[in-house]
Structures are given as structure tokens and as C-alpha cells.
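Just so it is clear, none of the values below were taken in a lab; they were calculated from the coordinates. Every value quoted in this text rests on a predicted model; they were computed, and no experiment measured them. Using ideal geometry, Cβ is built from the backbone for each residue, glycine included, and neighbour counts are taken over all protein chains shown.
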Amino acid sequence: MPGTGIWRTKSVEQSIAETDEPRSKLRKDLTTKDLTTFGVAVVIGAGIFTLTARTAGDMAGPSVSLAFVIAAVACGLAALCYAEFASTVPVAGSAYTFSYATFGEFIAWIIGWDLILEFALAGSVVAKGWSLYLADFIGASTTVHLGGIQFDWGAVLVVGALTLTLAFGVKLSSRVSAVITAIKVAVVLLVIVVGAFYINTDNYRPFIPESVPNTDAAAGLHQTLFSAMTGATGSSFGWYGMLAAASMLFFAFIGFDVVATTAEETKNPQKSLPRGILGSLAIVTVLYVAVTVVLTGMVSYQQLSTGSPLVGDGSATLATAFKAHGITWAQTVINVGALAGLTTVIMVMLLGQTRVLFAMSRDGLVPRSWGSTNRSGNPVRITLMVGIIVAVIAAVFPMGTLEEMVNIGTLFAFVLVCAGVIVLRKTRPDLKRGFRVPGSPVVPVLAILACGWLMINLSVETWIRFLVWMAIGIVVYLVYGRRHSVVGLRARANTGDDGTESTKLIEVGADG
């Protein structure tokens with residue numbers, strides 16, 4: 001039975017029925033190939049071009065490849081749960097929509113608010129990274145000073161171009177994404193093939209370097225939540241360093257869940273969504289592990305650490321290892337690959353953000369007028385609004401090291417989706433499922449534990465920021481969302497004594 005008040009649920013049938021509403025109907029254009037391309041497009045980005053080398057040099061050494069496997073296993077377990085949910089509830093909104101059907105409106109709002117943090121912040125951060133690579137490529141700064149404000153025109157340029165591309169439709173976006181994805185995958189393969197000729201197996205010893213105390217990570221708000229709870233001393237390298245690296249490298253996998261947000265625009269969601277989600281994750285995992293094996297085989301991990309003569313005070317990248325061998329042309333090629341990689345990441349993050357807000361607007365938790373679609377079935381209004389917000393954040397605000405903020409938001413969503421699979425199996429065993437998680441409920445529970453472990457290895461400071469953002473979201477829901485919820489308005493209308501008043505309430509819900 002549906003709950004009441006903030007715990008009221010929205011049935012799967014109701015969610016699916018609303019996908020045919022003329023004013024908010026999305027066009028079904030996507031195939032398995034499109035979804036796999038989107039998945040690979042968004043996952044291969046900043047993680048592989050920058051985070052890989054830095055993590056190997058400062059945290060894990062050669063065992064960074066094993067850290068990638070650990071992060072991939074956690075993502076894979078969660079991906080199985082996403083595949084079942086997306087094939088069962090083929091509606092825009094991903095984890096937000098799934099949570100509405102299982103845990104109720106309040107939790108759905110919380111996860112929707114969380115996804116806004118994930119997609120918008122990730123899109124802004126990656127746009128800043130894209131601008132830095134562009135500056136390196138053209139040999140000039142992309143930042144200008146306007147009074148006391150630093151304005152990053154490079155970030156605005158890429159976000160603006162991709163926003164307009166998305167406004168013309170998801171099919172065009174998938175074609176653009178496919179071309180750019182082919183470029184960056186080719187660059188990654190080139191790194192693997194060329195770098196393999198320079199591997200020295202001595203660089204793999206020791207595979208897991210001896211643990212080294214990390215005083216910065218062990219102090220105050222910068223220590224991990226696990227360290228704060230247990231009193232354990234933070235360290236780089238060793239087993240603890242490798243596990244902490246897995247928590248950081250999780251950032252490199254973020255995005256495969258965006259595939260689930262396009263469920264409503266997929267021609268055959270029951271088959272295509274599971275294949276797209278799991279297929280894209282498998283492809284990028286193989287590429288990631290191959291790159292780390294080559295990278296740590298080309299040079300000693302100590303040469304990749306911050307402060308080493310090869311790196312200086314900056315951060316190591318894939319180009320660092322090639323620079324050590326005098327392969328200078330590789331830096332230009334890697335810069336091109338990074339630009340291509342980051343471009344598709346921004347595009348798919350913008351796409352995911354628009355689809356989550358679209359689903360929330362359909363439910364009245366944000367203004368319903370935001371979610372109207374044009375004659376071609378594209379939510380242009382939300383697309384432009386999201387593009388402007390992301391562009392402003394990327395252009396004006398210094399982003400710093402925000403990978404952890406994106407990580408914690410994503411992991412929180414994963415936990416709820418995995419738990420939701422267990423709940424929906426119990427409450428709605430009759431639903432047609434295009435894909436079923438094998439070994440349920442064991443696999444979803446393992447996924448929850450894996451994601452939970454990665455979460456407690458994030459810093460206390462990250463947890464505080466996350467909780468503050470969630471608190472703001474609760475206030476917004478109580479002030480606006482709860483009062484304008486379409487499900488809530490319909491429930492109140494159905495319990496009213498006056499048929500005329502009930503009709504009025506439903507109409508108010510439709511207009512938002």
C-alpha cells in the first residue's frame with residue numbers, strides 16, 4: 001500500500017503511464033549501442049588522464065591497478081542493481097525515480113537533491129579541467145580578470161556548446177558523443193600500445209609498497225571518517241593506502257549510472273539498459289587496468305609522486321611517464337585525448353542533470369513548467385537552465401579538489417538503489433523485470449557494504465559538506481516540494497468531499 005505524507009510512494013504503473021503525457025513526453029531514439037557509447041563517453045575522462053598517475057605516485061604505487069579492480073567491483077555490484085531497476089522502471093530520473101517507487105517521496109527528494117549535487121558539480125569541475133587542458137594546448141590562459149572576479153571563458157565555451165547540442169535532441173548528442181568517444185578511446189589504446197614497449201618489470205616491485213604515515217590525512221577534518229571512528233593512523237601505500245586509493249579512484253567510474261537516466265528515451269529499455277550499463281562498465285574497467293599496468297611499468301611509482309624531480313610541485317598525468325622516456329609528442333596526443341574525454345563527460349553529466357530535474361518537475365517537487373518539452377520531445381527549458389547554472393559555477397568559482405564531494409553523492413545514490421532492489425522484490429514481485437540481479441539479496445547487500453566502505457574512507461570534511469547540502473535540501477522540500485507534490489495533491493483530492501475542489505487540486509498540481 002502507498003504510504004502517506006512524506007512517505008507516500010508513486011507506483012511503477014503511474015510513473016510509466018506519465019511518460020505518455022503530451023506536454024512532457026520524451027522521444028524514444030536510443031539503442032543499446034547509443035547507451036554503451038554514453039556510458040563509455042562519461043566514464044573515460046578526468047579519472048584516467050589525471051587521477052590515475054597522481055594516485056599511483058602518492059597513494060598506492062603499482063597496486064593502483066588492484067585499487068581500480070576493487071573500485072570496479074563495487075561499481076559492478078551496484079551496476080547490476082541499476083540494470084534491474086532501469087529495466088523494471090524505464091522512466092527518466094534514475095535513482096530518484098527508483099526511490100520514489102520503493103522508499104517514498106521524502107527519500108526520493110533526498111536522492112534527487114543528491115543527484116543534483118553529483119551531476120552539476122561534476123559537470124562544473126570537469127569543465128574547469130577541460131579549460132586547463134585547452135590552455136595547455138593553445139599555450140595561453142583561458143582565465144580573464146573582471147574586477148575582482150576570475151572568469152574562465154574556456155569552461156563557459158565548452159558548457160555552452162554542449163548545452164546547445166543537447167537542446168537539439170538526445171539522438172544528435174549520442175552521435176556527437178560517439179565521434180568524440182572514438183577519439184579518446186583511440187588515444188587510450190595508443191597509450192597502452194606505445195607504453196607497453198617501455199615497460200620495465202622491476203618497476204612493479206614492490207607491488208604494494210611499504211606503508212608510509214600520512215600526517216596530513218591523519219589530522220582533523222582531513223582524516224577519513226574511518227580513521228576518525230577507529231583512531232587508525234592514515235597512511236599512504238600499504239594495504240590501507242591501496243584501499244583509500246580505491247575510494248578516490250571511484251571518481252574515475254562515476255557516470256555509468258547516467259545511462260539509467262535515459263531509460264525513457266530508449267527503444268527497448270528492458271534489454272538495452274542492462275546491456276548498456278554493464279557493457280560500458282566492462283569496457284572501461286579493462287582499459288583502466290591496462291593503462292595503470294603500463295603506466296607503473298614505464299616508470300617507478302616514486303617518479304610519479306608529487307615533489308619528485310619529474311613532476312615538481314604539480315600533479316603527475318599520463319604524459320609524465322612518456323616525458324621520462326623522451327616521448328614528447330605523447331603530451332600533445334594525450335592533451336587531445338583529454339580534451340575529447342572531458343568533452344563527453346561534461347555532455348553526459350549535463351544530460352543526466354536535465355533528466356533528473358525533468359523527472360522531479362513532472363512530479364511537482366520542482367516547478368512543473370520547467371519540464372515542458374518542445375515538438376521534438378526535448379526538454380529545452382531545463383536543458384538551457386542547467387547549462388547556464390553549470391557554466392556560471394565553472395566560470396566564476398574556484399573548484400579546488402572536489403572529487404570527494406562528487407564521490408560521496410554518487411555512493412549514497414548507489415546504496416539506495418541497491419537497497420531498493422531488495423525492497424521492490426518483496427513489495428512488487430509481480431513486476432516484469434527485463435533483467436534480474438543474480439544472487440539477490442546477497443549481491444545487493446554486498447554492493448551496499450562495498451559502497452559503504454568506500455564512503456567511510458572519504459574525509460570527515462567531505463561528510464560535513466554533504467550533510468550541510470542535504471540539510472538545505474530538506475528545507476527546500478518542506479517549503480516547496482511537499483506542498484506542490486503531484487502525488488500529494490492527488491491524494492488530498494481523492495480524500496476531499498467536493499468533486500469540484502478535487503478537480504481544482506489536480507489542475508493546480510498539473511500547473512505547478
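Key figures for this structure:
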| read-out | value |
| --- | --- |
| Relative exposure of His484, His145, judged by other C-beta atoms within 10 Å (fewest first) | His145, His484 |
| Between helix 460-476 and the chain: long-axis angle, C-alpha atoms, 0 to 90°, nearest 10 | 20 |
| Between helix 499-511 and the chain: long-axis angle, C-alpha atoms, 0 to 90°, nearest 10 | 20 |
| Placed amide H near Ser11: partners under 5 Å, 5+ positions off or other chain | none |
| Mean separation of Cα contacts under 8 Å (6+ apart) over length of the stretch 6-483, as relative contact order % | 34 |
| Farthest toward positive dipole pole in the stretch 228-387 [+1 Lys/Arg, -1 Asp/Glu at C-beta], among Ser272, Thr373, Met385 | Thr373 |
| Under Karplus coefficients 6.51, -1.76 and 1.60, residue-wise ³J(HN,Hα) of the stretch 450-457 in Hz, glycine/proline x | 5, 5, x, 5, 5, 5, 6, 8 |
| Ranked by how many other beta carbons lie within 10 Å on average, peptides 261-268, 323-330 from highest | 261-268, 323-330 |
| Ascending count of other beta-carbon atoms within 10 Å, so fewest first, for Leu467, Leu295 | Leu467, Leu295 |
| DSSP bridge pairs, the chain: antiparallel proportion in percent, nearest 5 | 90 |
| Hz values of 3J(HN,Hα) by residue in the stretch 439-446 - Karplus curve (6.51, -1.76, 1.60), Gly and Pro given as x | x, 6, x, 4, 4, x, 5, 4 |
| When each of Lys33/Lys128; Lys28/Lys271; Lys128/Lys267; Lys267/Lys432; Lys10/Lys426 is checked by Cα-Cα distance, pairs over 24 Å | Lys33/Lys128; Lys128/Lys267 |
| Among Leu318, Val348, Ser300 the positive-end extreme of the charge dipole of the stretch 6-483 (Cβ point charges) | Val348 |
| Helical mean residue ellipticity (222 nm; -39500 (n - 2.57) per DSSP H run of 4+; nearest 500) of the chain | -20500 deg cm²/dmol |
| For the chain, size of Cβ-based charge dipole, Lys and Arg +1, Asp and Glu -1, in debye | 1220 |
| Computed magnitude of the charge dipole of the stretch 270-410 (debye, nearest 20; Cβ of K, R +1, Cβ of D, E -1) | 700 |
| Which labelled figure in (i) 74, 50, 47; (ii) 74, 48, 44; (iii) 79, 47, 46 is Cα extents along the principal axes in Å, once derived from the coordinates | (iii) |
| Tilt relative to the chain, helix 403-427 - C-alpha long axis, 0 to 90 degrees, to 10 | 50 |
